[in-house]
Each structure stands twice: as structure tokens, then as C-alpha cells.
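The values are calculated or read from the model by the stated rules, or taken from the named source; none is laboratory data. Keep in mind that what you see is a predicted model, and the values were worked out from it rather than measured. Cβ placement follows ideal geometry from the backbone for every residue including glycine, while neighbour counts extend to all protein chains displayed. Keep in mind that these areas ignore ligands, DNA and RNA; they rest on the heavy atoms of the full protein, side chains included. Shrake-Rupley method; radii C 1.70, N 1.55, O 1.52, S 1.80 Å.
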Amino acid sequence: MLNRLALPLWLMLPAAAAAQQGTITYTYSVKNGFEIPERWSDRIPSSRSGTMLLHFGPSGSLMTPPPEDRKEAAPAVVTDRPILSDRAIGMAMRMKMGSTSRSDQEELREAYVSYDEGAIVETREFMGRTFRFTGHRPAFEWRLTGEQAEHLGRLVIKATAEHEERAIEAWFTPEIPVQGGPASFGGLPGMILVLSVDGGDTKYFATEIDLEGGEEGLIRMPEDGDEVSRDEYELIVAEKLEELEKLRRRGPGGGQ
């Protein structure tokens, strides 16, 4: 079990007088929940990936796709392999559409976080439909491990947490004294630059940091999607996944 370490004195000092704000570019990957047949294992990737931008200031942040991607559908299954054939792409999409795994059917599109109020507004795409709901930012019980490294030329410190049966590993930098991070993750004495959930099933990796001010109005609440409560959204997800499971059990045409 990891020990809770006392914060070094320099970590307990007030944030820099000048408010930190800017934009961080992250690449992310999410492991596919569907099982890939062995004959396709060398042609279909095990995860999908993409790029997100985190616009942040001292009191809040907005994670959103790059401008050129905002009007596009949720990213398809992609990989770092050179080229996927049309046949492989089609097969991967069919397996994804028929999957009963939530991770295959759901995609985070935007996430707004108010650091001061502890509120979040998320836009998620689920089975081709976009939903928007509000809630409270999770209260992660972070533990500092004492491990330090360097990322993008900045000191980063490792912290771990367990939340809703998920194991979380984060590397944050006190050089950006904002308690933010990708999606709704945060609450550490510095910005999270690298994050891994459940041993890498979901990963975020900062590739660029821009602290040159940032444009006014970039941090705003999402407006797209059908507004529902979090409980309503969870009920819709459960019902649709149950419908998919019933279709899968019917045999031909209902599964992969």
C-alpha cells in the first residue's frame, strides 16, 4: 500500500501571482471493448485514439476536440499501424456497432469544469445521439507516491487514486498551479499532463503546452446535445446496452 507523503514545502506555497491559463493538447486512447477474432488481430487495432484540447484558466477548464474535428462524428477505430484496408475498417466498425461494451458505444465530446464551484457539464455521444448533463466533479482521494519525472520539459509528480472501482495513475506538474486535467480529472496541486485509467484502458498524454494567454471566451459551458439529468443518461445507457445484448443473443445478425 502506498504511503501518504507530506507535501514538500514548495508544493504548499500559494500559486504564482500571475494567473495561469492556456491550452494543452492531449492525445488519448481507449481500449476497444469488443473481442477481435484471431484472424483479424493483425489488421484491426485494439484501441481507438484521437486528439483533444484543454483550455484552462485559474477557475475552470473546457476539454474539446480541435476545431476541425468538432463537427465530425466520434472517432472511428484507429491505430498507429501504417494503413488499414477498407475491409478491415468496415469489419472494425461492424464489431464496434454490435458491441455491448459501454466504452465502444460512448464517446466524450466536451467536458467543462468549474474549479470554484466543483461543477461539471459533459457532452457525450452515445450510439449516434448526443447528450448533455451537469453534475459534480469527482472527489478523487489522491495519494502521492514520491516518484518524479520530466514531461515536456516540466517536472511531473506521480499520484494514484481509486474511484468507482477504477485504478487511476496521474502525473501532474506543480509548474502549472491549476488543479485541472483531462476530462473531469483533477484536484491535484498542479495540472495533470499524463493520465492512465485501469492499467491503460484509457490514457491521456499531453503533447503540447501553450501558456501564451489564451483567447477570451474559449472556456464556456457546452451547449450541444439533448439535455438530461445524469440519472436519466445512465438509464438510457443501461437500456440501450440491454437491447444490444438481447439482439446479440438472437443469433445470426445479432452479433459479430
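Any chance region 151-167 includes a residue that's open to solvent by 60 Å² or more (accessible area, probe 1.4 Å), touching a strand residue (DSSP E or B) at 6+ places or on another chain (Cβ under 6 Å) and touching a residue at least 40 places away in the same chain (Cβ under 8 Å)?
Yes - at least one qualifying residue is present in region 151-167.
Here's a check for you: in region 10-59, which residue that is of a type in the set (S, T, N, Q) and either touching a Cys at 6+ places or on another chain (Cβ under 7 Å) or open to solvent by 70 Å² or more (accessible area, probe 1.4 Å) (or both) is modelled with the highest pLDDT?
Out of the qualifying residues, it is GLN21.
Hey, among GLU208, GLU232, which residue is touching a strand residue (DSSP E or B) at 6+ places or on another chain (Cβ under 9 Å), modelled with pLDDT of 90 or more, farther than 20 Å from PRO182 by Cβ and open to solvent by 50 Å² or more (accessible area, probe 1.4 Å)?
On the way: GLU208 fails: farther than 20 Å from PRO182 by Cβ.
Answer to the check: GLU232.
Answer with yes or no whether LEU188 is assigned to a loop (DSSP other than H, G, I, E, B), farther than 17 Å from HIS55 by Cβ, open to solvent by less than 20 Å² (accessible area, probe 1.4 Å) and free of Cβ contacts under 8 Å to residues at least 60 places away in the same chain.
Yes, satisfied.
Here are the criteria: (1) at pLDDT below 90; (2) surrounded by 19 or more Cβ atoms within 10 Å (Cβ to Cβ); (3) of a type in the set (D, E, K, R). Tell me which single one ARG124 does not satisfy.
Of (1) at pLDDT below 90; (2) surrounded by 19 or more Cβ atoms within 10 Å (Cβ to Cβ); (3) of a type in the set (D, E, K, R), only one is false for ARG124: (1).
Kindly indicate the residue of region 168-185 that is open to solvent by 60 Å² or more (accessible area, probe 1.4 Å) and out of contact with any Pro (no Cβ under 9 Å at 6 or more places or on another chain) and also nearest to ASP198 (Cα to Cα) among those meeting that condition.
Within region 168-185, the match that is nearest to ASP198 (Cα to Cα) is GLU169.
Could you say which residue among LEU241, LEU144 is surrounded by 14 or more Cβ atoms within 10 Å (Cβ to Cβ) and either of a type in the set (Phe, Trp, Tyr) or within 20 Å of LYS31 (Cβ to Cβ) (or both)?
Result: LEU241 is the single residue among LEU241, LEU144 that is surrounded by 14 or more Cβ atoms within 10 Å (Cβ to Cβ) and either of a type in the set (Phe, Trp, Tyr) or within 20 Å of LYS31 (Cβ to Cβ) (or both).
Condition check ((1) in contact (Cβ under 8 Å) with a residue 24 or more places away in the chain; (2) in a loop (DSSP other than H, G, I, E, B); (3) farther than 26 Å from GLN105 by Cβ; (4) over 21 Å from the mean Cα position of the chain (by Cα)) across all residues:
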| residue | (1), (2), (3), (4) |
| --- | --- |
| TRP171 | yes, no, yes, no |
| GLY180 | yes, yes, yes, no |
| PHE205 | yes, no, no, no |
| GLU223 | yes, yes, no, no |
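Looking only at region 118-137, decide whether some residue is within 14 Å of PRO189 (Cα to Cα) and in a strand (DSSP E or B).
Looking for residues that are within 14 Å of PRO189 (Cα to Cα) and in a strand (DSSP E or B), one finds none in region 118-137, hence no.
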